[in-house]
Every structure is written in C-alpha cells, then in structure tokens.
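First up is the structure itself, then whatever we jot down about it.
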Amino acid sequence: MTFIDELLLFLKSRYPVLHITSIEEERVEYILRKNIKNTLKRSIFTWDFIDGYSGNPNHKGIAERNPMQALEFIERLNPETPAVFILKDYNRFINDLAISRKLRNLSRVLKLQPKTIIIIGSELNIPKELQDLITVVQFQLPLEEEIIKELNRLIEVLKIDVEIKVFENLARSCQGLSLERIRRVLAKIIASFRTIDKNSIQVLLSEKKQIISQTEILEYCSVNETIDNLGGLKTLKEWLNKRQTAFEIQAINYGLPTPRGLLLVGIQGTGKSLTAKAIASKWQLPLLKLDVGKLFGGLVGESESRLRQMINVTETISPCILWIDEIDKAFNNSDNKGDSGTSNRVLATFINWLSEKTKPVFVIATANNIEALPLEIIRKGRFDEVFFLDLPQQHEREEIFKIHLQQFRPNTWIEFNYVQLAKQTEAFSGAEIKQTIIEAMYQAFYEKREFTTEDISTAIKDLIPLANLESQQMLKLKKWASSGRIRLASTNNISLD
C-alpha cells in the first residue's frame with residue numbers, strides 16, 4: 001500500500017490524529033493538497049507557530065504563537081464542514097499536559113465528524129498517553145520514479161545534454177536525498193562543472209557525507225584503494241566482479257536482487273579492511289564505517305536507539321556499503337553477560353535487519369575470531385557469502401611484494417627480487433609484508449642510500465609474524481575453514497601444517 005492509499009484510507013475511516021514524520025515539509029504538503037482536494041473534496045487548513053492559520057483570508061493569523069488556540073479553532077469550526085488540519089511542527093507541543101489533554105478531549109468529537117488533524121514534524125516523540133490516539137504514517141524520501149522525473153525536469157530547464165549512463169548513475173546516487181537537496185546539489189554541480197558528467201557523482205557523495213556527519217556512530221570513509229591493490233584473493237575478486245553492476249538500473253529491471261553483504265574472516269593483516277575499501281571504490285558507492293564502541297550506550301534503551309539511528313541513516317544514504325570492522329568484538333558470546341540483556345536485544349534487532357532489509361545497503365563485516373560470533377550471524381541469509389582470508393601463498397606473496405614495491409618505487413621496482421622475498425615470508429600476512437618494506441626504507445634512509453632487496457631480507461628476519469604468535473588461533477581458523485562451512489577467498493588449498 002502506497003503512502004497516498006494508506007493516508008486516504010485513514011481519512012475515510014475518520015482517524016482523528018495522524019503524524020507524518022518528514023524533513024520534506026513542502027513536498028508533504030503538496031502531496032496532501034493534491035490528493036485530498038481531488039479525491040475527498042475536503043477543505044484544508046494549515047497552521048504553524050509563527051503565522052498561525054494561513055491560506056484562507058477569513059482565518060489568516062488565527063492562533064499565532066498559540067498552539068492551544070489552534071486546537072480551539074478546530075473545535076469551533078462547523079461540525080458539518082469536511083476538513084483536514086495540517087499542523088506543522090506540532091509534535092513540539094504535544095508533550096505539554098494542557099495540549100495533550102485538549103487533544104484527547106477533541107479526538108472524541110473528531111471521530112464523529114469528517115475532520116482529521118495531520119501533524120507534520122521532523123521528529124517522532126509521542127507521549128505514552130497519546131500513543132493510542134495518534135497514528136503514524138510513514139512518508140518515504142523520493143522513490144526512483146520521482147527522482148528520475150525531477151532530474152529530467154531540471155535537465156530540461158538547464159538545457160543541457162547528459163549521457164544515458166551518467167544519468168542512470170546520477171539517479172541512483174540521488175537516492176536517499178530529499179527533492180530540495182537534489183535541486184541544491186544539481187545547482188552546485190552546474191556551478192562547478194558547467195555540465196553534468198561522471199565527475200558529478202563525487203559531488204553527490206560529498207552531499208551524503210554531510211548527512212553522515214550529523215551522527216557520531218557512523219564515519220564516512222574516503223577511499224582511494226582499488227581491487228588491483230589486493231594481492232591474491234582470486235575467488236573473492238571473481239565473486240565481486242560478478243556483482244559490480246548489481247546496484248544499477250539495468251540489474252533492477254532484470255529482476256536481480258541486490259547483494260546483501262559479506263562476512264570476511266581471517267587473522268589480522270590478511271586484507272579484510274582493504275577489501276572493504278576496494279569494493280566501495282570499485283562499485284563507486286559511499287563507504288560508511290560503524291563505530292561499534294559508540295553503538296553501546298550506558299542508559300537503558302540508548303543502545304537500541306543508536307542502532308535504529310544507524311539503520312535509518314544507512315538506508316537514507318543507500319545505495320551504500322556499511323563496513324562493520326571486527327564484528328566479533330561487538331557481539332561476543334562471552335562478553336554479553338550481566339548487561340541486562342542489552343547485547344542480546346541489539347543483536348536480535350541487527351540480525352532481523354540483516355535478514356529483512358529491502359534497501360540497497362551492502363554490509364561488509366570482518367572478524368578475527370569466528371568462535372566468538374553467535375551462530376545466528378553466520379547462518380545463511382544474513383550475508384550472501386562468508387569468505388575465509390588465509391595467509392597468502394607463495395605466488396600471492398610475490399604479487400603483494402610487486403604491488404607495494406610499485407607503489408613505493410614505481411620506476412625501479414623491477415630491480416627487486418620479489419620471488420626471493422616471497423620465499424622468505426612464509427606465514428607473513430599482506431600487512432606484515434608491507435611493513436618489512438617500510439622497515440627497509442627506514443634503515444636505508446637513515447644510512448642515506450637507496451634501499452635494496454637485502455634490506456628487506458634483513459627486515460624479514462627481524463619481524464615475527466602474528467601467525468607464529470597466535471598459532472593455535474590460526475590453526476582453529478584453518479580447521480574451521482577446511483570443514484567446508486566457509487568459502488575460501490583464494491584458489492589455493494588450505495594447509496594445516
């Protein structure tokens with residue numbers, strides 16, 4: 001059922017008070033006037049705190065700065081006059097005892113008359129005594145059809161030509177923004193580039209960053225990593241390549257469900273975080289990182305509220321990628337005892353959202369200790385796939401050395417013996433391989449010369465890989481991965497030696 005269908009049904013059924021939560025006041029009012037007048041033939045009265053009632057010259061200025069008088073006006077109006085009263089920001093006043101009492105008294109009259117109060121506010125804060133009286137109607141941000149229609153209108157007004165591919169990406173990136181914000185961003189794009197092209201997408205992503213900055217739970221990550229910066233992980237890369245265009249309009253028209261997400265498991269330094277950044281860069285989607293530490297609050301109900309806020313923001317920004325780093329620390333089976341059930345409630349809400357979400361939010365979760373995760377998260381249906389990122393094999397280490405040496409020495413990287421270095425770094429992670437190159441550079445810079453393969457070999461001998469320090473944990477991960485319950489990110493076979 002659409003917003004209009006639901007709204008008209010409530011009005012016909014004589015629901016006394018409706019609440020529409022939205023920041024798009026003008027768009028809500030336009031849709032209300034267009035549909036109520038044409039379908040129900042009701043008079044519409046609009047009130048706000050500053051101007052009082054407006055629109056009708058006979059009532060102009062009534063109840064200026066007087067919320068109680070706004071309700072008294074409704075009570076005095078002819079009982080036989082079918083009417084809808086739009087009260088803007090009235091949610092700010094309903095917690096007042098006198099207003100609350102007046103609304104309850106008035107509702108008994110409204111049920112017998114063809115009159116309805118519609119409160120439009122940016123926040124939903126209904127007191128308990130009014131929860132049974134006020135009905136909340138969900139008002140969504142512009143859907144794809146509305147965005148395309150508005151973009152076509154703006155482009156026609158601006159008299160510019162836009163490539164079909166650019167237009168489709170632009171429409172996709174506009175999802176999650178209000179129409180007013182879309183108009184402002186388009187004006188900014190034209191002012192910056194004098195046209196609309198592929199560079200326009202970055203301006204839209206910056207606008208979405210402004211929305212994210214209003215919450216402390218999520219962080220907008222700027223990414224410059226690419227899939228090419230990932231050594232090895234052939235199977236994972238192939239899986240990602242097949243889904244690169246899954247968020248585009250052609251895929252939606254094809255009937256293809258948008259990918260839900262990935263759970264990446266492996267010891268530290270195997271490229272889990274780098275993968276999250278590379279996916280966002282390749283798919284050209286905003287990357288939001290969830291700060292798990294700030295998710296849990298000290299007050300009763302605060303953690304659940306923060307989780308709902310996180311979900312609301314990510315769905316508003318969608319299509320996007322939500323990166324949850326070290327999810328095993330957030331929902332650790334052994335750490336949620338004695339917290340009055342907060343962790344279990346947050347986990348239940350989070351898992352339910354993972355399973356039921358319809359918005360194009362691709363969730364990438366990383367974990368170091370798979371045993372700490374509740375089975376509900378690992379179960380199929382939460383994520384599209386669970387990948388195990390093992391320590392790189394010989395040919396993958398060669399690739400990793402080449403990638404980093406090309407970054408540090410793009411003109412002379414071929415002079416390094418990366419095959420020899422790869423043989424020396426068995427049980428090293430990708431991050432540890434990079435660190436050996438950095439250590440070699442420090443040493444050579446200290447001695448005022450260029451670093452060599454021998455300097456890297458020396459650094460390798462001095463570094464003890466994490467896999468040697470946490471050999472038992474690594475062995476458990478390998479055994480779990482070899483059981484067939486998880487997909488391998490690389491094509492190589494797992495060695496349990």
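The values are calculated or read from the model by the stated rules, or taken from the named source; none is laboratory data. Being a predicted model, the structure only gives us computed values, none of them experimental. Here the Cβ is made from the backbone with ideal geometry for all residues, glycine too, and neighbour counts use every protein chain on show.
Residues that are modelled with pLDDT of 85 or more, closer than 23 Å to A481 by Cβ and either assigned to a strand (DSSP E or B) or among the small types (G, A, S) (or both) within the stretch 232-265 comprise G261, L262, L263, L264, V265, listed in sequence order. The combined condition, being surrounded by fewer than 18 Cβ atoms within 10 Å (Cβ to Cβ) and not aromatic (F, W, Y), is fulfilled by R194.
What do you reckon, is L347 in a helix (DSSP H, G or I), touching a Phe, Trp or Tyr at 6+ places or on another chain (Cβ under 8 Å) and modelled with pLDDT under 90? Considered against the rule, which asks whether it is in a helix (DSSP H, G or I), touching a Phe, Trp or Tyr at 6+ places or on another chain (Cβ under 8 Å) and modelled with pLDDT under 90, L347 comes out as yes.
One residue stands out among those in the stretch 52-66 that are in contact with a Gly (Cβ under 7 Å, 6 or more places away or on another chain) and surrounded by fewer than 17 Cβ atoms within 10 Å (Cβ to Cβ): the one that is modelled with the highest pLDDT, which is E64. Give the residue that is farthest from the chain's Cα centre (by Cα), with candidates limited to residues of the stretch 159-208 that are of a type in the set (D, E), in a helix (DSSP H, G or I) and farther than 21 Å from A246 by Cα. Per the criteria, the residue is E180. With respect to L71, determine if the residue is over 30 Å from L177 (Cβ atoms), surrounded by 12 or more Cβ atoms within 10 Å (Cβ to Cβ), touching a Lys or Arg at 6+ places or on another chain (Cβ under 7 Å) and at pLDDT 95 or above. So L71 passes the test. If you go through the stretch 141-163 and pick out every residue that is at pLDDT below 90, over 15 Å from A187 (Cα atoms) and hydrophobic (A, V, I, L, M, F, W, C), you end up with 2.
Which one is farthest from R172 (Cα to Cα), of the residues in the stretch 205-220 that are at pLDDT below 85 and hydrophobic (A, V, I, L, M, F, W, C)? Looking at residues that are at pLDDT below 85 and hydrophobic (A, V, I, L, M, F, W, C), I get I217. When the residues of the stretch 150-169 are narrowed to those that are surrounded by 14 or more Cβ atoms within 10 Å (Cβ to Cβ) and of a type outside the set (A, V, I, L, M), which ends up farthest from I252 (Cα to Cα)? Across the stretch 150-169, the extreme among qualifying residues is E150.
A search for C-beta distances below 6 Å between a residue of the stretch 308-326 that is closer than 20 Å to L263 by Cβ and any residue that is of a type in the set (A, V, I, L, M) and in a helix (DSSP H, G or I), counting only pairs 6+ apart in sequence or on different chains, returns I321/A280; W323/A276. For F139, the criteria (1) in a loop (DSSP other than H, G, I, E, B); (2) closer than 18 Å to D96 by Cα; (3) in contact with a strand residue (DSSP E or B) (Cβ under 8 Å, 6 or more places away or on another chain) hold in every case but one, which is (2). Among the conditions (1) more than 20 Å from L354 (Cβ to Cβ); (2) assigned to a helix (DSSP H, G or I), E376 misses just one, which is (1).
One residue stands out among those in the stretch 312-327 that are surrounded by fewer than 23 Cβ atoms within 10 Å (Cβ to Cβ) and not aliphatic (A, V, I, L, M): the one that is farthest from A246 (Cα to Cα), which is E326.
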